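Notes for the one structure printed next.
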Amino acid sequence: MATKQSNRERQDNEFEVIQSIFGQDVTDLREKGQGWKPLDLKLMLTPLMGSSGVTEAHVRTSLHITCTSKYPKTPPKLALEDSKGLSDVLIEDLLKELQKQAAELKGEVMVFELAETVRAFLHKHNKPPPGSFYDEMLMQKLKRDQERLNCQKMKEDQEQQALKDEVNRRKEMLKNESRMRKDTRRSISESSPTHHGTPTSSDVSESSWPHFRSYMYPNECTEHRKAEIIYFRGAGRQIQRGCCLGHSQKGCVAYSGIDLETGQLLYITEWNIKYSMIEAKGTEGKVNGSSAVDDVISSK
């Protein structure tokens, strides 16, 4: 059965452990040659290194621990000395935290646990000291330059997106115009009569019939090239008639058009109806043209 250690033995064993861990960072403040005395030591502590990418210590402090002969049954007296890179507020907060921990660990050896608490606190607040006024101005300038670059990049992205939207819009307009022209060619081809010896639109495609292509495209028409604005009084619309899309042998002419108010693309068909003078046949020979027309209309 193991014998119970005295407070003196526990303090001596703990000092050996602490000295083996911290080495030259441990300073024994007890006077030599005057017999045994309770622990009175100082630990020079720095932040925990190697974790979270920390490679340089900007803060440090020394933990002064003064024990009584009743330690560890009674908590030791704690003090923080020779601190660097820590404000007075941070030092006070750390000391309060250590005193609270020491009260909770009463009855157990606690020097190593207290030292680890200090090192963790230093790691949390391990920040480089503020630089000179010139360094501060340089940092502000770099920050403004970065913000300006970010704004410029955002503006360029917006302009590029607007350009893409405009390109897509124009592509859609061209697609609609192409579809309208196809519908126009199909309508005219369906209304055209079948010629002897010439294949119809149902027998052969437009691409395989050169005469059909030259017949349909507006650049083959030299008569109807001038644009004209047409006003439809009944509908209250103004339509700009564009170029000729094709002719039908039945007498109609197809045009492209656009509604000047709504911008709607239109397909316009124009029919020219010609009235001929009607000659009356009989023994009396020719009669007045207008009366002949009246006779024919009335007889119908």
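Quick check on this structure: which one of E56, E31, E81 is under 48 Å from the mean Cα position of the chain (by Cα) and of a type in the set (D, E)?
Numbers: E31 fails: under 48 Å from the mean Cα position of the chain (by Cα); E81 fails: under 48 Å from the mean Cα position of the chain (by Cα).
Just one listed residue meets the conditions, E56.
Filter the range 94-119 for residues that are open to solvent by less than 50 Å² (accessible area, probe 1.4 Å), assigned to a helix (DSSP H, G or I) and farther than 18 Å from V26 by Cα and give the result.
Within the range 94-119, L94, L95, L98, Q101, A102 meet the criteria.
Pick out the one residue from K32, K42 that is basic (K, R) and modelled with pLDDT under 90.
On the way: K42 fails: modelled with pLDDT under 90.
Checking each option against the conditions leaves just K32.
Restricting to strands (runs of 3 or more DSSP E) lying wholly in the range 1-93: which have 1 or more residues that are surrounded by fewer than 14 Cβ atoms within 10 Å (Cβ to Cβ)? Steps first, answer last, please.
Working: elements: 26-28, 40-45, 60-66, 77-84.
Output list reads 26-28, 77-84.
With respect to K141, determine if the residue is farther than 25 Å from D12 by Cα, at pLDDT below 90, out of contact with any Ser or Thr (no Cβ under 8 Å at 6 or more places or on another chain) and not in a loop (DSSP other than H, G, I, E, B).
Details: farther than 25 Å from D12 by Cα: yes; at pLDDT below 90: yes; out of contact with any Ser or Thr (no Cβ under 8 Å at 6 or more places or on another chain): yes; not in a loop (DSSP other than H, G, I, E, B): yes.
Here the answer is yes, as K141 does meet what is asked.
H125 is checked against (1) under 36 Å from the mean Cα position of the chain (by Cα); (2) more than 27 Å from M49 (Cα to Cα); (3) open to solvent by less than 80 Å² (accessible area, probe 1.4 Å); (4) not hydroxyl-bearing (S, T, Y) and fails just one. What number does that condition carry?
Answer for H125: the failing condition is (2).
Name the pairs: first residue in the range 228-249 and open to solvent by less than 30 Å² (accessible area, probe 1.4 Å), second residue modelled with pLDDT of 80 or more and charged (D, E, K, R), Cβ to Cβ under 8 Å, at least 6 apart or on different chains?
What qualifies is I239/D259; R241/E228; L245/R181.
Restricting to the range 152-170, name every residue that is among the charged types (D, E, K, R), more than 15 Å from the chain's Cα centre (by Cα) and open to solvent by 90 Å² or more (accessible area, probe 1.4 Å). Talk me through it step by step, then tell me what you get.
Within the range 152-170, the subset among the charged types (D, E, K, R) is 153, 155-157, 159, 164-166, 169-170.
If we keep only those that are more than 15 Å from the chain's Cα centre (by Cα) as well, we get 164-166, 169-170.
Within the range 152-170, K164, R169, R170 qualify.
Which one of these does D294 not meet: (1) open to solvent by 80 Å² or more (accessible area, probe 1.4 Å); (2) at pLDDT below 65; (3) touching a Lys or Arg at 6+ places or on another chain (Cβ under 9 Å)?
(3)
Within the bounds of the range 128-151, is there any residue that is touching a residue at least 60 places away in the same chain (Cβ under 8 Å) and loosely packed, with under 11 Cβ neighbours inside 10 Å?
Just the residues of the range 128-151 that are touching a residue at least 60 places away in the same chain (Cβ under 8 Å), to begin with: 128-129.
With loosely packed, with under 11 Cβ neighbours inside 10 Å added as a condition, the list becomes 128-129.
Yes, that holds for at least one residue.
The values are calculated or read from the model by the stated rules, or taken from the named source; none is laboratory data. What you see is a predicted model; the values in this text were computed from it and never measured. For neighbour counting, all protein chains shown are included, and Cβ atoms are generated from backbone atoms with ideal geometry for every residue, glycine included. The protein model used for the area step is the full one, side chains on, heavy atoms only, and it has no ligands, DNA or RNA in it. Shrake-Rupley method; radii C 1.70, N 1.55, O 1.52, S 1.80 Å.
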